[in-house]
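Asker: This is the structure, below, for whatever I ask next.
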Amino acid sequence: MKKSILIVGVGGQGVLTAANILAKSALKEGYNVITSELHGMAQRGGNVECAVRIGDVLSPIVADFSADAILSFEPLEALRNLKKVKEEGIVITDVNPIIPPLISLGMGSYMPVEEIFEKISSHCKLLKINADEIARKAGSLLAKNIVMLGAFSALNIFPIKEGSILEVIRESFPERYVEVNIKAFEMGKESINEDMNESI
Amino acid sequence: MELLGVGKKILLGNEAIARGALEADVDIATTYPGTPSSEIADSLSAVARYLKSIGEEPKFYFQYSVNEKVALEFAAASAVSGLRALTCMKHVGMNVASDAFMTYAYVGCKGGHVIVTADDPSCHSSQNEQDNRLYAKFASLPMLEPSSPQEAKDMTMEAFKLSEELELPVILRTTTRISHTRGVVECNEFEMSKKHGKFEKNGLMVTVPDVARKLHPILLEKMEKAERISEESKFNIIEDFGGEDGIITSGVSYNYVREAIDDLGIKCKLLKLGMSYPLPRKKIIDFMNGCRRILIVEELEPFLEEQIMAIAKEEGVNVIIYGKGYSSLSRCYEYTPDIVGKAMADFFGMEWNKKEMSINVAPRPPVLCPGCPHRATYYAVKQVAPPDTIYPTDIGCYTLGLLPPYKTADFLLCMGSSFGSACGFSHATKQKVIAFIGDSTFYHAGLPPLVNAVHHNHDFVAIILDNSTTAMTGHQPHPGSNVDGMGNETMAMDMESVVRGLGVKHIEVVDPRNIEQTKEAVKRALEFKGLSVIISKAPCILLGRKKRERVTYEIDQDKCKKCKICITKFACPAFYFDEEDIKINESLCTGCGVCVQICPFNAIGRKSEGIK
C-alpha cells in the first residue's frame with residue numbers, strides 16, 4: 001500500500017502542524033510514514049508545501065501525477081501544485097484567497113477563483129470548503145488547519161481512523177485549545193458529509 | 001519531552017541526528033545555526049533547557065557559537081581532550097570552518113567527533129548549492145551519507161565509533177530532503193554520563209611545517225584503514241533485483257531509485273553507498289564485474305562517478321558507466337522521483353510517458369513580516385539616500401529587502417560580505433554606499449571587515465539591523481543575547497560599545513519604528529566623510545508576540561486620499577485593496593504603528609476595540 005497527499009498553503013496557516021498530526025496518527029496505527037517540509041525562507045508568507053506519505057514509501061518528494069489528494073488551505077496554492085495529483089485523485093481546497101503582497105504592488109494578478117476552480121476540475125475531482133467560516137464558527141480562525149484535516153478525514157483517503165487523529169489532536173495542543181480544535185475537526189468532517197449527501 | 005521518549009517516534013532527520021548524539025552519550029555540541037541544519041542544535045538546546053526546567057543538570061554542554069569556525073575549534077579541543085563532540089552547520093558554514101577543518105584532519109582527535117554538514121541542493125534557503133562531499137575528499141576524512149531519518153540516527157551513532165577507531169573527525173553529510181524529512185525512528189533506552197576531558201600533550205598538535213609534514217602521511221595511513229572499514233561497512237549495501245545492469249547511488253537519491261525499481265518493475269543490481277568516502281574499492285570492483293552497464297545516480301557533482309570511473313580504468317573493468325549528462329541527470333538542483341524515474345526508464349529502455357502540465361500562476365515569494373522593523377529601516381533609508389546608492393547586503397531575513405519596493409539589496413556573497421564589499425565599492429566608485437548587516441551576522445563575520453573599514457578610513461554607511469535575535473533560522477540566541485543555548489545567563493555584548501571600541505567615530509543608535517528620527521540619522525551618516533555606523537535597534541516582531549497586548553490599526557476611509565504610499569512604498573503585507581478602498585487585514589496587522597507615520601493624510605489610526 002502506498003498513499004500520498006500534499007498539504008499546501010501559505011506560511012502561517014498551519015500546514016506543517018496539520019501534516020505532523022496526520023503523520024503521528026498514521027504511526028499510531030502502525031503505518032510507515034514520511035513527511036517532507038521546507039523551512040527558512042519559506043516561512044515568511046511564502047508558499048508552503050508538505051508531503052505526507054504512508055505505507056511502502058521511501059521518497060520524501062511526491063512524484064508528479066501521483067498524489068491521491070491535495071489538501072489546500074488557499075485556492076491559488078491548490079492550482080500551483082495541481083501537477084502533483086493524479087487524475088483519479090481529488091483536490092480539497094479552502095475558497096478564501098490570500099493575495100500575495102507583490103500583486104498589491106501591481107506585479108502580476110491573482111487569477112479569478114472561478115477560473116482556478118475550473119482549471120482544477122478539468123484535471124481531477126474538486127471539493128471546495130469554506131474553512132475560514134467553519135473555523136470561525138468553531139471558535140477560532142487559527143483552527144482552520146484542523147477544519148481541513150476533518151474534511152480530509154471524512155473522505156477516507158488514508159486508512160486512518162478518526163479516533164487516532166482526535167487522540168493526536170488532544171496530545172498536540174495545550175489543554176485550553178483542545179476543545180476548539182476538536183470542534184473544528186468535527187465541523188470540517190460534517191461539512192464534507194453534508195456536501196456528499198447533497199451531491200447524492 | 002518527545003525527543004527523550006523511547007520506542008517508535010516520528011522525527012525530523014535533524015532531530016534523529018540529535019537523538020543519535022544523545023544515545024551515543026555526546027559530551028559537547030556546537031553550532032552556528034543555518035538552514036537546513038538548524039534543528040539539530042535547536043533540539044539539543046531544547047533538551048538542555050527542558051532538563052533544567054525539571055531540575056536535572058544536563059550531562060552534555062551545548063553552545064551556539066559565534067560562527068562555524070569557532071564552533072569547530074571548540075569541539076575539536078573537546079575531542080582531542082577525549083570527549084565526544086558534535087558540530088553542526090549548513091554547507092556554506094563549512095567554508096567558514098574550513099580553515100580549521102583542513103588542518104584538524106592532520107591533527108585528528110581522541111574522543112569521537114562528528115561534523116554534520118547539511119547541504120542544500122536547489123538552494124531552498126542558501127546562496128549556492130555547493131556539494132560538500134568534496135570536503136571529505138579535499139581534507140581526506142571519512143564521510144557517511146544517510147538516506148532516511150532512521151539512518152541519520154544510526155549513522156550519527158556509528159560515526160562516533162568510527163571517529164574513535166580512526167582518531168579522525170567524521171563527516172555526516174545530509175541534504176535538505178534528509179534534514180527536513182520526518183520519518184519513523186526507533187528510539188532506544190539510553191543513559192548519559194557527565195565526563196571531563198583530559199588534554200594530554202604530545203609534540204604532534206602544533207602544526208608548524210615540520211609537524212605538518214609528519215602528520216600528512218599519518219592521515220593517509222588512517223584513511224587506508226578507513227577504506228578497509230568502508231569495504232565491510234553495513235552502510236554499503238548491495239541489493240539484487242535480477243538483470244545484468246547496475247545502479248550505484250547514495251543519500252536521498254537512493255529513495256527515488258528504489259521507488260522507481262518498484263514502480264517500473266526494473267530488474268537491476270543496486271549498490272547503495274552509505275559510507276561514501278573513502279569508497280569501498282574492492283566492493284565496487286566486484287559489483288562492476290557483475291554488470292554490463294552502470295548508471296550512477298547522485299545529486300550535484302559527479303563525486304562518486306569520477307572516482308568510480310577512475311577505479312574502473314585502473315582495474316581494467318569492462319563496463320560502461322553513465323552518470324551526469326545522461327538523460328535527465330544534471331549537476332544542477334536536487335533530484336526528484338520524476339528526474340530519477342525518467343533517467344532509469346531511459347536507461348532500461350522503458351516508456352516514460354508522463355504528460356506535461358504547465359501551470360502559470362502568480363509567485364508567492366517570502367516577504368518581510370507585517371511589523372518587521374527592517375521594513376521601517378528600509379523605508380527611511382530610501383526616503384533620503386540618492387537613487388544610485390549601492391546597497392551591499394548580508395545573510396538574514398533582511399536580504400528580502402531585495403524585493404520591490406525597497407530594493408535595498410544590490411550585492412551579496414556570503415556572511416559578512418556586506419561590509420567587506422562596501423569597503424571595495426566605496427573605493428571603486430563615486431556612488432554612496434549603504435551596507436546592511438544583521439546583529440547575529442555582524443558578530444559572526446562583520447567585525448573583521450569593520451576593522452578594515454576603520455583602519456583604512458573607507459567612506460560608507462554601515463547599518464546594523466539589530467533585532468536582538470538570529471531571526472531567519474528560528475530565533476537562536478547570539479552574543480548580544482543575555483541567555484545562551486543551555487538557558488544559562490550570559491554576558492550580553494553591548495553593540496554600541498563594541499563598535500565604538502573598534503574606533504568608529506560616527507555612531508548613532510536609532511529605533512527604526514521612529515521614521516523621522518531614522519531618516520535624520522541616515523542623512524547625517526551620509527553627510528559624514530568616512531565610516532559611519534547606524535545601529536537600527538528594534539526587536540524582531542515575532543519575539544514575545546503571544547504575550548503582547550493585541551492592538552491593530554485601521555484606515556479612516558473619509559481621510560484616505562488613495563495615494564497608496566502605504567502599499568507602493570511601505571508595502572506592509574497587512575494592507576490590501578478592497579475594490580477601490582485600501583484596508584488593513586486585522587488578522588495580519590501586528591500593531592507596530594509605523595504606518596501611522598508614513599500616511600501623509602493622517603488616515604491611519606488605532607482600532608479602538610481589540611479583535612479576537
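Asker: Just to be sure I follow: if Rg is taken over the C-alpha atoms of chain A and Rh is the Kirkwood radius over the same atoms, what is Rg/Rh?
Answerer: My calculation of the ratio gives 0.94.
Asker: Give me P(r) over the range B:241-360, computed from all C-alpha to C-alpha distances, binned every 10 Å, as integer percentages.
Answerer: 13, 48, 31, 6, 2, 0
Asker: Using a simple spin-label model with points 7 Å from Cα along the Cα→Cβ vector, what separation in nm is obtained for A:S122 and B:D262?
Answerer: Taking the two extended label points, one gets 3.4 nm.
Asker: Starting from the Kirkwood Rh over alpha-carbon pairs, what translational D in µm² s⁻¹ does the range B:364-495 have by Stokes-Einstein at 10 °C and 1.306 mPa s?
Answerer: In µm²/s, the coefficient is 104.
Asker: What residues in the range B:25-47 lose 30 Å² or more of accessible surface when the other protein chains are added to their chain alone (1.4 Å probe)?
Answerer: none
Asker: Okay, moving on. How big is the range B:67-165 in terms of Cα radius of gyration and Dmax, in angstroms?
Answerer: Values for the range B:67-165 (Cα only, Rg and Dmax): 13.1, 39 Å.
Asker: Could I ask something else about it? What is the list of residues in the range B:310-338 whose amide nitrogen lies under 20 Å from a point 7 angstrom out from the Cα of B:K354, following Cα to Cβ?
Answerer: B:323-338
Asker: In whole Hz and in residue order, list the ³J(HN,Hα) couplings for the range B:477-491 that follow from phi through the Karplus curve 6.51 cos²θ - 1.76 cosθ + 1.60, θ = phi - 60°; x for Gly and Pro.
Answerer: Per residue, the Karplus-derived 3J(HN,Hα) values read x, 9, x, x, 8, 9, 10, 9, x, 8, x, 8, 5, 10, 8 Hz.
Asker: If you bin the C-alpha pair distances of the range B:499-539 every 10 Å from 0, what whole percents do you get?
Answerer: That works out to 31, 53, 17, in percent per bin.
Asker: To the nearest 0.05, how large is the calculated FRET efficiency for B:A212 and B:S53 if R₀ is 56 Å and r is the Cβ-Cβ distance? Spell out each step's value before the answer.
Answerer: Details: r = 47 Å, r/R0 = 0.83.
Efficiency, from the Cβ-Cβ distance: 0.75.
Asker: For B:R258, what is the net charge nearby, where nearby means another residue's Cβ is under 12 Å from its Cβ and Lys, Arg count +1, Asp, Glu -1? Mind showing how you got there, number by number?
Answerer: Numbers: positive: B:K272; negative: A:D56, B:E239, B:E259, B:D262, B:D263.
Neighbour charge sum, excluding B:R258 itself: -4.
Asker: Taking the Cα centre of chain B as the origin and placing charges on Cβ (Lys, Arg +1; Asp, Glu -1), which of B:L304, B:P448, B:I218 is farthest toward the positive end of the dipole?
Answerer: B:P448
Asker: Here is a further query. Report Rg(Cα)/(2.2 N^0.38 Å) for the range B:1-146, keeping two decimals.
Answerer: Ratio of Rg to 2.2 N^0.38 Å for the range B:1-146: 1.02.
Asker: So for the pair B:E520, A:M1, with labels modelled 7 Å out along Cα→Cβ, what separation do we get in nm?
Answerer: 6.9
Asker: Here's a follow-up. To the nearest 10 degrees, how steep is helix B:68-80 against the longest Cα principal axis of chain B, on a 0 to 90 scale?
Answerer: Its long axis makes an angle of about 40 degrees.
Asker: Given a 1.4 Å probe and no ligands, DNA or RNA in the count, how much accessible surface is buried by A and B, both sides, to the nearest 100 Å²?
Answerer: Roughly 4600 Å².
Asker: Leaving out ligands, DNA and RNA, what percent of the accessible area of the protein assembly as shown is carbon and sulfur, probe 1.4 Å?
Answerer: C and S atoms contribute 51 percent here.
Asker: Taking H as built 1.01 Å from N, whose amide H comes closer than 5 Å to the amide H of B:S481, not counting residues under 5 places away?
Answerer: Those lying under 5 Å, H to H, from B:S481 are B:M493.
Asker: Tell me the volume per residue, in Å³, of the convex hull enclosing the alpha carbons of the range B:421-514.
Answerer: Numbers: hull volume 11.0 nm³, N = 94.
Convex hull volume per residue, Cα atoms: 117 Å³.
Asker: About its Cα centre, how strong a charge dipole does chain A have in debye, to the nearest 20, once Lys and Arg get +1 and Asp and Glu get -1 at the Cβ?
Answerer: So the dipole magnitude of chain A works out to roughly 440 debye.
Asker: Let me ask something else. Just the Cα atoms of the range B:557-599: what Rg and Dmax do they give in Å?
Answerer: For the range B:557-599, the Cα radius of gyration and maximum Cα-Cα distance read 9.8, 25 Å.
Asker: Now for a different question. Taking the Cβ-Cβ separation of B:T429 and B:T103 as r and a Förster radius of 35 Å, what is the calculated FRET efficiency to the nearest 0.05?
Answerer: 0.40
Asker: Which ³J(HN,Hα) values, rounded to whole Hz and listed in residue order, are derived for the range B:438-455 from phi using the Karplus coefficients 6.51, -1.76 and 1.60 in 6.51 cos²θ - 1.76 cosθ + 1.60 with θ = phi - 60°, glycine and proline given as x?
Answerer: After applying 6.51 cos²θ - 1.76 cosθ + 1.60, I find x, 5, 5, 5, 4, 5, 5, 8, x, 5, x, x, 6, 4, 4, 5, 5, 4 Hz.
Asker: Right, here's the next one. Which residues belonging to the range B:321-343 lose at least 30 Å² of 1.4 Å-probe accessible area when the assembly is complete, relative to their chain isolated?
Answerer: B:P337, B:D338
Asker: How far is helix B:515-527 tilted, in degrees, relative to the longest principal axis of the Cα atoms in chain B, given as a value from 0 to 90 rounded to the nearest 10?
Answerer: Helix B:515-527 sits at roughly 80 degrees to that axis.
Asker: What are the ³J(HN,Hα) values, in whole Hz, obtained from phi via the Karplus relation 6.51 cos²θ - 1.76 cosθ + 1.60 with θ = phi - 60°, for each residue of the range A:155-160 in sequence order, with x given for Gly and Pro?
Answerer: 7, 6, 6, 8, x, 10
Asker: Just to be sure I understand the model, the point goes 7 Å from the Cα along the line to the Cβ. What's the resulting B:S608 to A:Y177 distance in nm?
Answerer: 3.2
Asker: Run through all the Cα pairs of chain B and give the fraction in each 20 Å bin from 0, expressed as whole percent.
Answerer: The percentages, shortest bin first, are 18, 44, 32, 6, 0.
Asker: Compute the angle between helix B:337-347 and the longest alpha-carbon principal axis of chain B, please, reported from 0 to 90 degrees and rounded to the nearest 10.
Answerer: The two axes meet at around 40 degrees.
Asker: If eta is 1.002 mPa s and T is 20 °C, what Stokes-Einstein diffusion coefficient results for the range B:335-388, Kirkwood Rh from Cα pairs, in µm²/s?
Answerer: 131
Asker: Apply 1/(1 + (r/R0)^6) to the Cβ-Cβ distance of B:H506 and A:I99, taking R0 = 51 Å, and write down the FRET efficiency to the nearest 0.05.
Answerer: After rounding to 0.05, the efficiency reads 0.75.
Asker: What is the sum of charges, Lys and Arg at +1 and Asp and Glu at -1, for the other residues whose Cβ falls under 13 Å from the Cβ of B:E298?
Answerer: Result for the neighbourhood of B:E298: -3.
Asker: Sticking with this one: Only Lys, Arg, Asp and Glu count, each charged at its Cβ (+1, +1, -1, -1), so figure out the dipole size of the protein assembly as shown about its Cα centre, rounded to 20 debye. Mind showing how you got there, number by number?
Answerer: Details: 91 positive and 104 negative charges, 315 e Å.
My answer is approximately 1520 debye.
Asker: For the range A:41-84, which semi-axes, largest first and in whole Å, follow from the square roots of 5 times the eigenvalues of its Cα gyration tensor?
Answerer: So the three semi-axes of the range A:41-84 are 20, 13, 9 Å.
Asker: Please calculate the 1.4 Å probe accessible area of B:D484, with all protein chains present, and give it to the nearest 10 Å².
Answerer: Counting only protein heavy atoms, B:D484 exposes about 40 Å² to solvent.
Asker: Next up: Starting from the exponent 0.38 and prefactor 2.2 Å, build the expected Rg for the range A:140-186 from its residue count and divide its actual Cα Rg by it.
Answerer: 1.07
Asker: Please report, for the Cα atoms of the range B:291-391, the Rg to one decimal and the Dmax as a whole number; what are they, in angstrom?
Answerer: 24.0, 69
Asker: Taking every pair of Cα atoms in the range B:134-224, average 1/r, invert it to obtain the Kirkwood radius, and report Rg/Rh to two decimals.
Answerer: 1.06
Asker: Could you pull out every residue, at least 5 positions away or on a different chain, whose amide H is within less than 5 Å of the one on B:M350? Hs are placed 1.01 Å off N in the peptide plane, and Pro or chain starts have none.
Answerer: none
Asker: For the range B:247-306, what ratio Rg/Rh do Cα atoms give with a Kirkwood hydrodynamic radius?
Answerer: My calculation of the ratio gives 0.95.
Asker: Now, a different point. Where nothing but the Cβ of Lys and Arg (+1) and of Asp and Glu (-1) is charged, how large is the charge dipole of the range B:251-358 around its Cα centre, in debye to the nearest 20?
Answerer: Working: 15 positive and 16 negative charges, 76 e Å.
That gives the range B:251-358 a dipole magnitude of about 360 debye.
Asker: Which value in deg cm²/dmol, rounded to the nearest 500, describes the helix-derived mean residue ellipticity at 222 nm for chain B, given -39,500 (n - 2.57) per DSSP H run of n ≥ 4 and division by the residue count?
Answerer: Result for chain B: -11000 deg cm²/dmol, rounded to the nearest 500.
Asker: At each listed q (0.06, 0.08 Å⁻¹), what is the log10 of I(q)/I(0) that the Debye formula gives for the protein assembly as shown modelled as equal alpha-carbon point scatterers?
Answerer: Here log10 of I(q) over I(0) equals -0.41, -0.75.
Asker: To continue, here is another question. 5 Å is the cut-off here: which amide hydrogens, built 1.01 Å from N in the peptide plane, fall below it relative to B:G246, excluding neighbours closer than 5 in sequence?
Answerer: When sequence neighbours closer than 5 places are left aside, the close amide H contacts are B:K269, B:R292, B:R293, B:I294, B:L295.
Asker: Give the Kirkwood hydrodynamic radius (Å, one decimal) of the range B:226-274, defined as one over the mean of 1/r across all pairs of different Cα atoms.
Answerer: Values: mean 1/r = 0.0881 Å⁻¹.
Computed over the range B:226-274, the radius equals 11.3 Å.
Asker: Cα-Cα pairs above 18 Å in the range B:465-596: how many percent?
Answerer: So the pairs more than 18 Å apart make up 67 percent of the total in the range B:465-596.
Asker: Just the number please: accessible area per residue for the range B:319-466, 1.4 Å probe, all protein chains included, in Å².
Answerer: Dividing the accessible area of the range B:319-466 by its residue count gives 39 Å².
Asker: At a temperature of 4 °C and a viscosity of 1.567 mPa s, determine how fast the range B:336-441 diffuses translationally according to Stokes-Einstein, using the Kirkwood radius over alpha-carbon pairs as Rh; express D in µm²/s, rounded to the nearest whole number. Show your work: numbers first, answer last.
Answerer: Working: Rh = 17.0 Å.
This corresponds to a translational diffusion coefficient of 76 µm²/s.
Asker: Take peptide B:179-186, look around each residue's Cβ out to 10 angstrom, count Cβ atoms belonging to other protein chains, and average those counts.
Answerer: Working: counts 1, 8, 8, 14, 11, 8, 0, 0.
Neighbouring Cβ atoms belonging to other protein chains average 6 per residue here.
Asker: What are the extents of the Cα atoms of the range B:80-120 along their three principal axes, listed from largest to smallest and rounded to whole Å?
Answerer: Largest first, the range B:80-120 extends 31, 18, 10 Å along its Cα principal axes.
Asker: Enter the mean projected area of the convex hull around the alpha-carbon atoms of the range A:107-184, in nm², rounded to one decimal.
Answerer: 7.2
Asker: Using only the alpha-carbon atoms of the range A:69-147 as identical scatterers, what base-10 log of I(q)/I(0) does the Debye formula give at q = 0.14, 0.24 Å⁻¹?
Answerer: With one equal scatterer per Cα and no solvent, log10 I(q)/I(0) is -0.49, -1.08.
The values are calculated or read from the model by the stated rules, or taken from the named source; none is laboratory data. Values in this document were obtained by computation on a predicted structure and should not be read as measured data. Positions of Cβ are generated from backbone atoms using ideal geometry, with glycine treated the same way; all protein chains shown enter the neighbour counts. The area values use the complete protein model at the heavy-atom level, side chains included, leaving out ligands, DNA and RNA. Shrake-Rupley method; radii C 1.70, N 1.55, O 1.52, S 1.80 Å.
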